[in-house]
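Peer 1: If you scroll down you'll find the structure; I have some questions about it.
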Amino acid sequence: MSDQKPSAKAEPATAGSNQMWGGRFASGPAAIMQAINASIDFDRKLYAQDIEGSLAHAAMLKAQGIISADDHAAIEKGLSQILGEIEAGSFQFSAKLEDIHMNVEARLAELIGSAAGRLHTARSRNDQVAVDFRLWVKRETERTAHALRGLIETLLSRAEEHAASVMPGFTHLQSAQPVTFGHHLMAYVEMFGRDLSRAQDAAKRMDESPLGAAALAGTPFPIDRHATAEALGFGGPTRNSIDSVSDRDFALEFLSVASIAGVHLSRLAEEIVIWSTPQFNFVRLSDSFSTGSSIMPQKKNPDAAELVRAKTGRLNGHLIGLLTVMKGLPLSYSKDMQEDKEAVFDAAETLDLMLAAMTGMVGDMGVNTDSMRRAAGAGFSVATDLADWLVREAGLPFREAHHVTGRAVAEAEKRRVGLEELSLADLQAIHPGITETVFDVLSVDRSVESRTSFGGTAPDGVRAQIAYWRERLASA
C-alpha cells in the first residue's frame, strides 16, 4: 500500500461528553453509538492525506487574509509534529474523537492552543473527508496502473520468448486449433492493457479537488479553491459543492477497475493451475510460488495461482457492497458513506498482492514446449486447415468443405490416427479433389504460420503485436 497503517492503538469507545458537539447534547453518546459511529480504526490510514489537505487549506487561508501569519505558522508547525508522531507510532488515537480529522485537530489544539480552531474555517468534515479519500484513491489508482504496466511488460517478455512455440488453442476447454504460446499470452496483454486504460481514465476523472465545498453549499469566506487544488496536485476544483461531498463514484470506479482486473487475473490463474497439472505439464511454477503437501511428498501445489483466483471474490464483493451503500442516498452527505473506506482499502491491498503474485509467477515459470507441441496436434486440431484447403484449392463452398472434413475426421478417429497420418488414397476416397499438396497444411507448424490475418497467431504477427505494445507503453 502507498500508506502504512499507523501502529498506535485507538482508545476503546466509552461513554462521555464530546467537545465537538458543544452544548447540543447534555450527555455523551452510549457506548454502542460510539462503537458504530467511530471510524478511526480504519480511516487513520488517511492520516497523511488529512494532514496534507490541512496544510494546503491553512496556507490558502493565510494567503487570502482569513487567518494571520502567526496562526498559520503555528498550525503548520503543529501539523508537522503530528505527522512525525503518527509515523513514529507514538500518536494516541481515540475512538471518542470518532475519526482521523478530529483526532488530528484535538492533538493540534493540545500543541498550539486556540489557533488550532482557526484551521477549520471555511471547511467541513464533509469536504475534508472527500478530499482525503479522493486523494488516497487517486494515488492508489495510479499505483495500480503502474503495477499493471509491470505485469504487461513481463507478459511481453515471455510472449516474445515463445512467439513460435506451438500449443493447442481451446474452445470449451477442448482442442480447437493450434496457436502459439506467445499468441495466447498476448491475449492477456490485451486484457490487462484495457485494465491499464481503465485505471488511467479513472485517475483522470478523479483529478478534481472537493476541498472548499464545505458541508454542502460552499462558504461565504473568500477562499481560493484553485490554489488548494493545485497544492494537492489536482487539475482543478470540483464544480458543484453538493456533488463534491455526496458522491463516491471515484471509489466505485476504482473498485470496478479492480474487479475487472481481478477477473482477468483469475482467468490467467486458472489456466496456470490447469497447465501445471501432470496431465497437461505445460508449465512448472518455481518453488517461490508453490507449496507442498503435509502428507503427499510428491505434490507441488500452485497455491499462489489458486489464491489469486480466490481473491477475485473479495474484489467483486467490495464493489457490490459499495454500490449497494450508494444506491439510494439522497443528496447531499449521509453517514452511510463512512462505509466506503474499508472496502476500498482492502480491495487496494488485495489487488496489489494479486498483481505482484501474478507478475512473479509469469516471470519465472518454466514452460514445457515439448508437452505443448505434443498436445497441439491432439483432437484433430488441424481439421479447419483441411477445410480451408478444400475451399482454397478444390473450390468447395465452406459448408461442403466442412462436411468433407468431418468425414475425414471420422475416418481418422476410426483408425486412431491423426488427419496427417491418413494416406492420400484415404482422403481421395472421401473427396477426389484432394491432392498431395494437402499435406503441406496438415501440421501444427504450417497451421500457425498460415494464420497471417491481422491479430492472428502467425509468429511474425505475434512479434508485430509485441512491438506495438512496447511502443505503446513507452509513449503512454
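Peer 1: Picking from PHE250, PHE254, which residue would you name as being touching a Phe, Trp or Tyr at 6+ places or on another chain (Cβ under 9 Å), open to solvent by less than 20 Å² (accessible area, probe 1.4 Å) and hydrophobic (A, V, I, L, M, F, W, C)?
Peer 2: Going through PHE250, PHE254 in turn, just one is touching a Phe, Trp or Tyr at 6+ places or on another chain (Cβ under 9 Å), open to solvent by less than 20 Å² (accessible area, probe 1.4 Å) and hydrophobic (A, V, I, L, M, F, W, C): PHE250.
Peer 1: I would also like to ask the following. For residues in segment 320-338 being surrounded by 16 or more Cβ atoms within 10 Å (Cβ to Cβ) and modelled with pLDDT under 95, which is nearest to ASP99 (Cα to Cα)?
Peer 2: Result: GLN338.
Peer 1: So, one more: Please tell me if ALA356 is of a type in the set (Gly, Ala, Ser), part of a helix (DSSP H, G or I), farther than 18 Å from LYS138 by Cα and in contact with a helix residue (DSSP H, G or I) (Cβ under 8 Å, 6 or more places away or on another chain).
Peer 2: Yes, satisfied.
Peer 1: Is it true that GLU190 is of a type in the set (Asp, Glu) and in contact (Cβ under 8 Å) with a residue 12 or more places away in the chain?
Peer 2: no
Peer 1: Then there is this: Output the residues belonging to segment 27-70 that are open to solvent by 30 Å² or more (accessible area, probe 1.4 Å) and either under 14 Å from ALA122 (Cβ atoms) or touching a Pro at 6+ places or on another chain (Cβ under 7 Å) (or both).
Peer 2: Scanning segment 27-70 gives ALA59, LYS62, ALA63, GLN64, GLY65, ILE66.
Peer 1: Is at least one residue of segment 264-278 modelled with pLDDT of 95 or more and open to solvent by 50 Å² or more (accessible area, probe 1.4 Å)?
Peer 2: Yes, there is a match, as at least one residue in segment 264-278 is modelled with pLDDT of 95 or more and open to solvent by 50 Å² or more (accessible area, probe 1.4 Å).
Peer 1: Would it be correct to say that GLU413 is open to solvent by 50 Å² or more (accessible area, probe 1.4 Å), over 24 Å from THR180 (Cβ atoms) and modelled with pLDDT of 90 or more?
Peer 2: no
Peer 1: Considering only segment 137-146, I want to know if a residue exists there that is over 30 Å from SER334 (Cα atoms), open to solvent by 30 Å² or more (accessible area, probe 1.4 Å), part of a helix (DSSP H, G or I) and charged (D, E, K, R).
Peer 2: No, the conditions are met nowhere in segment 137-146.
Peer 1: Still on this structure: Could you look through segment 219-247, keep only residues that are of a type in the set (S, T, N, Q) and within 18 Å of GLY65 (Cα to Cα), and pick out the one that is surrounded by the most Cβ atoms within 10 Å (Cβ to Cβ)?
Peer 2: The selected residue is THR228.
Peer 1: How about segment 106-125: which of its residues are surrounded by fewer than 21 Cβ atoms within 10 Å (Cβ to Cβ) and in a helix (DSSP H, G or I)?
Peer 2: Answer for segment 106-125, where residues must be surrounded by fewer than 21 Cβ atoms within 10 Å (Cβ to Cβ) and in a helix (DSSP H, G or I): ALA106, ALA109, GLU110, LEU111, GLY113, SER114, ALA115, GLY117, ARG118, HIS120, ARG125.
Peer 1: Okay, moving on. Mind telling me which of the residues SER157, SER90 ends up being of a type in the set (Ser, Thr, Tyr), open to solvent by 10 Å² or more (accessible area, probe 1.4 Å) and in a helix (DSSP H, G or I)?
Peer 2: SER157
Peer 1: A further question on this structure: Taking the condition touching a Leu at 6+ places or on another chain (Cβ under 8 Å) and basic (Lys, Arg), does ARG267 pass?
Peer 2: Here the answer is no, as ARG267 does not meet what is asked.
Peer 1: So, GLU349, is that one out of contact with any strand residue (DSSP E or B) (no Cβ under 6 Å at 6 or more places or on another chain), outside any loop (DSSP other than H, G, I, E, B), within 22 Å of PRO178 (Cα to Cα) and open to solvent by 40 Å² or more (accessible area, probe 1.4 Å) or not?
Peer 2: no
Peer 1: Which of the residues spanning segment 279-317 are among the polar types (S, T, N, Q), outside any helix (DSSP H, G or I) and modelled with pLDDT under 90?
Peer 2: SER286, SER290, THR291, SER293, SER294, GLN298, ASN301, listed by residue number.
Peer 1: Another question, then. Looking at (1) modelled with pLDDT under 90; (2) part of a helix (DSSP H, G or I); (3) under 21 Å from HIS172 (Cβ atoms), find the lone condition where GLY406 falls short.
Peer 2: Only one criterion in (1) modelled with pLDDT under 90; (2) part of a helix (DSSP H, G or I); (3) under 21 Å from HIS172 (Cβ atoms) is unmet by GLY406, namely (1).
Peer 1: Look at LEU216 and say whether it is buried (at least 16 other Cβ atoms within 10 Å of the Cβ), touching a residue at least 40 places away in the same chain (Cβ under 8 Å) and not in a helix (DSSP H, G or I).
Peer 2: yes
Peer 1: Given the residues LYS96, LYS77, LYS62, which is the only one that is within 16 Å of ILE40 (Cα to Cα) and either assigned to a helix (DSSP H, G or I) or of a type in the set (Val, Ile, Thr) (or both)?
Peer 2: Going through LYS96, LYS77, LYS62 in turn, just one is within 16 Å of ILE40 (Cα to Cα) and either assigned to a helix (DSSP H, G or I) or of a type in the set (Val, Ile, Thr) (or both): LYS96.
Peer 1: A further question on this structure: Looking for something open to solvent by 40 Å² or more (accessible area, probe 1.4 Å), of a type in the set (A, V, I, L, M, F, W, C), in a loop (DSSP other than H, G, I, E, B) and at negative phi - is there at least one such residue anywhere in segment 184-206?
Peer 2: No, every residue in segment 184-206 fails to be open to solvent by 40 Å² or more (accessible area, probe 1.4 Å), of a type in the set (A, V, I, L, M, F, W, C), in a loop (DSSP other than H, G, I, E, B) and at negative phi.
Peer 1: If we scan segment 386-396, do we find a residue that is touching a residue at least 60 places away in the same chain (Cβ under 8 Å), part of a loop (DSSP other than H, G, I, E, B) and not basic (Lys, Arg)?
Peer 2: no
Peer 1: While we're looking at this one, here's another question. Any residue at all in segment 289-300 that is among the hydroxyl-bearing types (Ser, Thr, Tyr) and touching a helix residue (DSSP H, G or I) at 6+ places or on another chain (Cβ under 8 Å)?
Peer 2: Yes, segment 289-300 has at least one match.
Peer 1: Okay, moving on. Of everything in segment 451-471, what is crowded, with 18+ Cβ neighbours inside 10 Å and assigned to a helix (DSSP H, G or I)? Give them in sequence order.
Peer 2: PRO459, GLY461, VAL462, GLN465, ILE466, TRP469
Peer 1: Give the residue, chosen from ALA163, ALA217, that is modelled with pLDDT of 95 or more and more than 30 Å from SER443 (Cα to Cα).
Peer 2: ALA217
Peer 1: Does GLU190 count as modelled with pLDDT of 95 or more and over 30 Å from SER256 (Cα atoms)?
Peer 2: Here the answer is no, as GLU190 does not meet what is asked.
Peer 1: Could you figure out which of (1) among the small types (Gly, Ala, Ser); (2) out of contact with any Asp or Glu (no Cβ under 8 Å at 6 or more places or on another chain); (3) surrounded by 15 or more Cβ atoms within 10 Å (Cβ to Cβ) isn't true of SER423?
Peer 2: Result: SER423 fails condition (3) only.
The values are calculated or read from the model by the stated rules, or taken from the named source; none is laboratory data. No experiment lies behind these values; they were computed from the predicted model shown. Cβ sites come from the backbone with ideal geometry, for glycine too, and all protein chains shown count toward neighbours. We work out accessible area using only protein heavy atoms, side chains counted, and drop any ligands, DNA or RNA first. Shrake-Rupley method; radii C 1.70, N 1.55, O 1.52, S 1.80 Å.
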